[in-house]
Amino acid sequence: MTTAVRRAGAFAVVAAGSVIVPIADHLADPALATMAGTAPFLLLAAAALRVLDSGVLFELFARPGDRRDGRLYGLAGFALAIAGLGLLAFQFDMPVAVPVAAAFVLGAGNLATHVGRGMGADPFGATAGFVAAGSFAGVGGMLVSAAIADGGVSLPETVFLAVSAALLGALLRSVLFERDDPLVLVSVGLLLWLFSDLAISVTTTGIAVALAITVALGYVSYILETASLPGMLTGVFLSLLTIVVGDYGWFAMLITFFGGGGLASKFRYDEKVQRGIAQENEGARGSGNVLANSLVALVAVLAAAASPQLTGLTPEVFLYVFAGSVAAAMSDTLSSEFGGLYDAPRLITSFERVEPGTDGAITWQGELAGIAGATIIAAIALLAFGTVGTVGAAAIALSGFLGMTVDSLLGATLEGRWLGNQGVNFLATLAAGLVGGTLALSGLVV
């Protein structure tokens, strides 16, 4: 057994101690419950910083940086993160199952990752191990918490929450350092809290189909190399949420963008390299790129699930926000990937000729490709939703086209000085989503 595996196992044991939170919740006195549920982890953090500076326990928990500093900062941060989630559970009505599930997901996921690496697994295999082990542990943590609290539990919803937590944990672990585990733990806990408050309705068939689709999506993305590992995790995570929180129509639009955008990036890639317009990482899109193009859509699908109770708006408004933002992402991607292959582009602000790849440069071929991309998303919305008629589809296509145009305008004016490419992509999809939502609110399309 390697040092990394032993250390991960020790942290998993600490994570298992999070069951103290639901146990303490049984105490009648709220102040006493808070103290009983958080004090053990606060004491552990204090011991890690002041007492455990050598010996067997120090060597068991110490990371390379801890050995250099002579302090178990990793253990202290991990314990404080659990205590913080416990405090939120006792003071702010976070479900007591959340700290347990979050700790179980990260503890078991990290252990599985290190075991996989020790057995020679590649990054994809190690990450798959994290997601699988974290998901099972998350389900177990929530079931244990329900048993302690004498409460009922919906197994499909529990599985959805656990898998979502494991995917987010794996994504954050793939882009952060091991010392950032407290941040991962808190982030996973906050996600579980949010989803618990949304009271998402999940059926056994629904979660089974969603898992099958997203697993297949992740595998195909890996095989075709259309996304980096973090990009693939981001896409799978967003797809799972879209299927479960929205429905298959929402997912069809999103997956069309993921698939179409990924393949467009690969199209005539060698020629794009020669022209200096190719995506980095051999065309594989990273998590930043995926999130920049999909964050507005993610917020829209969550807002739709919370409507009208929390937003005061109908879910159809957020459907147009979602569709408009995805149409803009699809439009801009196809415009860039195909339009950049043609000569004599012109700057959108002055129409002067510029070199291919210049920020804000457009070609008529790229504009047509962009319009086609927005139209594809609009057509999917028209076929998938009875509330979207021809006028609504036209509004979605228009939103996508306007978003693509905003992207070009920002590229010509602000990109490189005030904004990066991902910031431009986000603002363009936001503009398109706002246009779509505004048209829906106006009553012209809904």
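The values are calculated or read from the model by the stated rules, or taken from the named source; none is laboratory data. A quick note: this is a predicted structure, and the numbers were derived from the prediction, not measured. Note that each Cβ is placed from the backbone with ideal geometry, even for glycine, and that neighbours are counted across all protein chains shown.
At-a-glance table
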item	result
Among the residues listed as Ala374, Ala379, Ala394, the single one being modelled with pLDDT of 90 or more, part of a helix (DSSP H, G or I) and either β-branched (Val, Ile, Thr) or crowded, with 18+ Cβ neighbours inside 10 Å (or both)	Ala374
Test for Leu211: is it touching a helix residue (DSSP H, G or I) at 6+ places or on another chain (Cβ under 8 Å), part of a helix (DSSP H, G or I) and not polar (S, T, N, Q)	yes
Residue within the stretch 66-82 that is within 27 Å of Val153 (Cβ to Cβ), hydroxyl-bearing (Ser, Thr, Tyr) and surrounded by 15 or more Cβ atoms within 10 Å (Cβ to Cβ) present	no
Unique match (being assigned to a helix (DSSP H, G or I), under 18 Å from Leu191 (Cβ atoms), in contact (Cβ under 8 Å) with a residue 24 or more places away in the chain and among the hydrophobic types (A, V, I, L, M, F, W, C)) among Ala81, Ala76	Ala81
Some residue of the stretch 241-253 being at pLDDT 85 or above, within 24 Å of Phe104 (Cβ to Cβ), of a type in the set (Gly, Ala, Ser) and assigned to a helix (DSSP H, G or I)	no
Filter result (under 20 Å from Gly260 (Cα atoms) and either in contact with an Asp or Glu (Cβ under 8 Å, 6 or more places away or on another chain) or touching a residue at least 40 places away in the same chain (Cβ under 8 Å) (or both)) within the stretch 384-397	Ala384, Ile396, Ala397
Single condition Arg173 does not satisfy, out of (1) of a type outside the set (S, T, N, Q); (2) part of a helix (DSSP H, G or I); (3) surrounded by fewer than 20 Cβ atoms within 10 Å (Cβ to Cβ)	(3)
Matching residues in the stretch 397-423 - criterion: being hydrophobic (A, V, I, L, M, F, W, C) and either outside the structural domain of Ile376 (by TED's automatic domain parsing) or surrounded by fewer than 16 Cβ atoms within 10 Å (Cβ to Cβ) (or both)	Trp418
Qualifying residue in the stretch 138-158 (condition: at pLDDT 95 or above, within 27 Å of Ser221 (Cα to Cα) and in the same structural domain as Ala8 (by TED's automatic domain parsing))	yes
Qualifying positions in the stretch 397-422 - of a type in the set (Lys, Arg) and in a helix (DSSP H, G or I)	none
Residue check for Glu316: surrounded by fewer than 20 Cβ atoms within 10 Å (Cβ to Cβ), in a helix (DSSP H, G or I), at pLDDT 90 or above and charged (D, E, K, R)	yes
Pairs, first within 13 Å of Val21 (Cβ to Cβ) in the stretch 32-53, second among the β-branched types (Val, Ile, Thr) and outside any helix (DSSP H, G or I), C-beta under 9 Å, six or more apart	Gly37/Val96
When residues of the stretch 191-208 are limited to those that are closer than 12 Å to Ala101 by Cβ and not polar (S, T, N, Q), the one surrounded by the most Cβ atoms within 10 Å (Cβ to Cβ)	Leu192
Qualifying residue in the stretch 335-358 (condition: crowded, with 22+ Cβ neighbours inside 10 Å and of a type in the set (A, V, I, L, M))	no
Close pairs (8 angstrom Cβ cut-off, 6 or more residues apart or separate chains): within 21 Å of Val115 (Cβ to Cβ) in the stretch 1-22, among the acidic types (Asp, Glu) and crowded, with 16+ Cβ neighbours inside 10 Å anywhere	Phe11/Asp181
Thr429 being assigned by TED's automatic domain parsing to the domain that holds Ala297, at pLDDT below 90 and not acidic (Asp, Glu)	no
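Residue-by-condition table, conditions (1) surrounded by 24 or more Cβ atoms within 10 Å (Cβ to Cβ); (2) outside any helix (DSSP H, G or I); (3) within 21 Å of the chain's Cα centre (by Cα):
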site	(1), (2), (3)
Leu88	no, no, no
Pro95	no, yes, no
Ala103	yes, no, yes
Ala108	yes, no, yes
Leu111	yes, no, no
Gly116	no, no, no
Gly120	no, yes, no
Thr127	yes, no, yes
